[in-house]
Amino acid sequence: MEITGIILLVVLIVVLVYLVMLYNQLVQIKHNVSKSWANIDVLLKQRHDELPKLIETCKQYMKFEQETLVRVMEARAGVSSAREQQNIGALGAAEGELRGALGRLFAVAEAYPELKTDETFQHLQARISTLENGIADRREFYNESVNINNVRIEQFPDSIVAALFSFKSMPLLKFSEQELKDVDVKQLFQA
């Protein structure tokens, strides 16, 4: 009886240690998702701060393109709202709108030689393009972190620990279909 009790105790300890290890791994994965979201959030905020400067620079040259400038600012507000609420689905849609509006703005700017050569415009365009690339990189990292989280909380035996401690699946950050389409430059200049 004594040996059976010891074996049972050892098995119980091994199972408990294993469950603690699973819990700690799930916590680390959850925090990696949060960290990757924070990285995106920083870049979104930086871009959010740069866009009014770009609009002001463009206003000096683009007297007849107010609709394009308004679209950029409205899309900027949509991204900001979704970012502050941490609404990943709304952020993806708003990002698609903003990227489309920025694409239109940069395409329309081609018709204004003075604007294209303006140092401030060139600097802001380069800065925003750099931030866009950073956002794309961080989005990939975020989605990979989310995927790892979602797979782990569905796998056995992780799913037991995840259910016991209310670990939740996270949404992927997807951008709208509009962003995936090629830009029709002729249409942009006819609008």
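The values are calculated or read from the model by the stated rules, or taken from the named source; none is laboratory data. Keep in mind that this is a model prediction, so the values were computed, not measured. As a convention, Cβ positions derive from the backbone with ideal geometry for all residues, glycine included, and neighbour counts pool all protein chains shown.
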First in the stretch 82-105 and within 17 Å of residue 125 (Cα to Cα), second anywhere and of a type in the set (D, E, K, R), Cβ under 6 Å, 6 or more apart: 99/179; 101/71
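Quick check on the stretch 16-31: of everything there that is of a type in the set (Val, Ile, Thr) and loosely packed, with under 12 Cβ neighbours inside 10 Å, which residue is nearest to residue 168 (Cα to Cα)?
Of the residues in the stretch 16-31, the ones of a type in the set (Val, Ile, Thr) are 17, 20, 27, 29.
If we keep only those that are loosely packed, with under 12 Cβ neighbours inside 10 Å too, we end up with 17, 20.
Values: 17: 23, 20: 18 Å.
Checking each candidate, the answer is 20.
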Residue selected from the stretch 173-182 under the condition loosely packed, with under 15 Cβ neighbours inside 10 Å and part of a loop (DSSP other than H, G, I, E, B), by the criterion modelled with the highest pLDDT: 181
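Could you tell me whether residue 121 is assigned to a helix (DSSP H, G or I), at pLDDT 90 or above, closer than 25 Å to residue 44 by Cβ and not acidic (Asp, Glu)? Talk me through it step by step, then tell me what you get.
Details: assigned to a helix (DSSP H, G or I): yes; at pLDDT 90 or above: no; closer than 25 Å to residue 44 by Cβ: yes; not acidic (Asp, Glu): yes.
When the stated conditions are applied, residue 121 does not pass them.
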Filtering the stretch 59-76 down to residues that are in contact with a helix residue (DSSP H, G or I) (Cβ under 6 Å, 6 or more places away or on another chain) and of a type outside the set (A, V, I, L, M), which residue is nearest to residue 138 (Cα to Cα)? 76
Being within 26 Å of residue 143 (Cα to Cα) and assigned to a helix (DSSP H, G or I) is the requirement here; does residue 33 meet it? yes
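Given the residues 79, 108, which is the only one that is surrounded by 20 or more Cβ atoms within 10 Å (Cβ to Cβ), in contact with a helix residue (DSSP H, G or I) (Cβ under 7 Å, 6 or more places away or on another chain) and more than 29 Å from residue 34 (Cα to Cα)? Write out each step before concluding.
Working: 79 fails: more than 29 Å from residue 34 (Cα to Cα).
Unique residue meeting the criteria: 108.
Residue under question is residue 143, and the condition is that it be among the polar types (S, T, N, Q), part of a helix (DSSP H, G or I), loosely packed, with under 15 Cβ neighbours inside 10 Å and at pLDDT 90 or above; does it hold?
Values: among the polar types (S, T, N, Q): yes; part of a helix (DSSP H, G or I): yes; loosely packed, with under 15 Cβ neighbours inside 10 Å: no; at pLDDT 90 or above: yes.
For residue 143, the condition - among the polar types (S, T, N, Q), part of a helix (DSSP H, G or I), loosely packed, with under 15 Cβ neighbours inside 10 Å and at pLDDT 90 or above - is not met.
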Could you list all residues from the stretch 146-165 that are more than 16 Å from residue 33 (Cα to Cα) and buried (at least 20 other Cβ atoms within 10 Å of the Cβ)? 161
Working carefully through the options 43, 26, find the one that is closer than 22 Å to residue 133 by Cα, in contact (Cβ under 8 Å) with a residue 40 or more places away in the chain and of a type in the set (A, V, I, L, M). 43
Yes/no for residue 74 being part of a helix (DSSP H, G or I), more than 24 Å from residue 119 (Cα to Cα) and in contact with an Asp or Glu (Cβ under 9 Å, 6 or more places away or on another chain): yes
Checked pairs for the stretch 59-76, first at pLDDT 80 or above and of a type in the set (A, V, I, L, M, F, W, C), second surrounded by 13 or more Cβ atoms within 10 Å (Cβ to Cβ) and not in a helix (DSSP H, G or I), C-beta under 7 Å and 6 or more apart or across chains, list as 69/62
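Condition check ((1) over 21 Å from the mean Cα position of the chain (by Cα); (2) polar (S, T, N, Q); (3) assigned to a helix (DSSP H, G or I); (4) modelled with pLDDT of 90 or more) across all residues:
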site	(1), (2), (3), (4)
134	no, no, yes, yes
139	no, no, yes, yes
150	no, yes, yes, yes
163	yes, no, yes, yes
169	no, yes, no, yes
Looking at (1) among the aliphatic types (A, V, I, L, M); (2) in contact (Cβ under 8 Å) with a residue 60 or more places away in the chain; (3) over 27 Å from residue 84 (Cα atoms), which is the only condition residue 128 fails? (3)
